[in-house]
1. Only four residue types carry charge here, +1 at the Cβ of Lys and Arg and -1 at the Cβ of Asp and Glu. Report the dipole size of segment 42-179 about the Cα centre in Debye, rounded to the nearest 20.
2. When the convex hull of the C-alpha atoms of segment 5-228 is computed, what volume per residue in Å³ does it have?
3. Based on the mean of other Cβ atoms within 10 Å per residue, sort peptides 175-183, 150-158, 10-18 so the most packed one is first.
4. To the nearest 500 deg cm²/dmol, what mean residue ellipticity at 222 nm is calculated for the chain from DSSP H runs of n ≥ 4 alone, each contributing -39,500 (n - 2.57), summed and divided by the residues?
5. Report the net charge of residues surrounding residue 110, where surrounding means a beta-carbon distance below 12 angstrom and charges are Lys +1, Arg +1, Asp -1, Glu -1.
6. Mean separation of Cα pairs under 8 Å and 6+ residues apart, divided by the residue count of the chain: what relative contact order is that in percent?
7. Looking at the square roots a ≥ b ≥ c of the eigenvalues of the Cα gyration tensor of segment 62-174, which shape do they give, rounded for a/c under 1.5, prolate if a/b is larger than b/c, or oblate?
8. If Lys and Arg each add +1 and Asp and Glu each add -1, what is the summed charge of the other residues whose beta carbon sits under 14 Å from the beta carbon of residue 54?
Amino acid sequence: MVDATAVLVHSPYLGPASLRPLAGALGALGHPVLLLDLRVTVNAAPVHQRLIGSFADAVEDSLVEGSLVLVGHSAAGPLLPAFADALETPVTGLVYLDAELPTPGRAWRDDADPERMTRLKAISRAGLMPRWDRWFAPEELSAMMPDPRQLEEIVAEAPEVPLAFLKETRPSVGFTGPQGYLRLSDAYAGPAAKAAELGWPVERLPAHHLAAATSPDEVAAAVLRVVSRW
């Protein structure tokens, strides 16, 4: 990734603050970084189409030059191939950061536990899912983000995403270049195992889902290890 710009894509349920420390850590190692803010695109359906269009516009408006490596966190993962396909700038590889993997032509609810979908419907209001921080008990949030100021910054950016997002069919777009996976938490053991089965380089850190914010140096080094194995 020495000559490629790392484009950091935050989860649709979060904002750029969740990846800003990682951007700083990669920059400190001498790697060009582009941190996007795609929050405005997730407040109305169709979320997938709006996200992809806004992503392409943001990259073009940045005037970034040279090739790119896309790093997608959490629920941004399934859209990484579509993001790459929407760009004219060459994308040399994709890194899934504790993320879901693409399921072309399928929606989130197609593979989810029906009871979980029922619970999400029950706690949604006016067709909007609750903000990310309301999915966790206070002690779970504190365990992930012990710095209350950092937690406050991340929570303040968390949007309310339409419930329809979970029912939207994901783009049927493939990617033929190198791909890799960085697992941060036990919750993403399944996608990491699938990535290994596909022959992708997989790295694991004994951390948590928001380690890109709390342990950016370690995560930056692990991202570079993934890319170095391509």
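1. 660
2. In segment 5-228, the Cα hull volume divided by residue count equals 118 Å³.
3. Final packing ranking: 10-18, 175-183, 150-158.
4. After summing the helix terms and dividing by the residues of the chain, the value is -10500 deg cm²/dmol.
5. +1
6. In percent, rounded to a whole number, it is 26.
7. It is oblate, given that a/c is not under 1.5 and a/b is not larger than b/c.
8. -2
Taken together, the values in this text are just the output of simple stated rules run on the coordinates, not laboratory data. Quick caveat: nothing in here was measured; it's all calculated off a predicted structure. Reconstructed Cβ throughout: ideal geometry from the backbone, glycine too, with neighbour counts over all protein chains shown.
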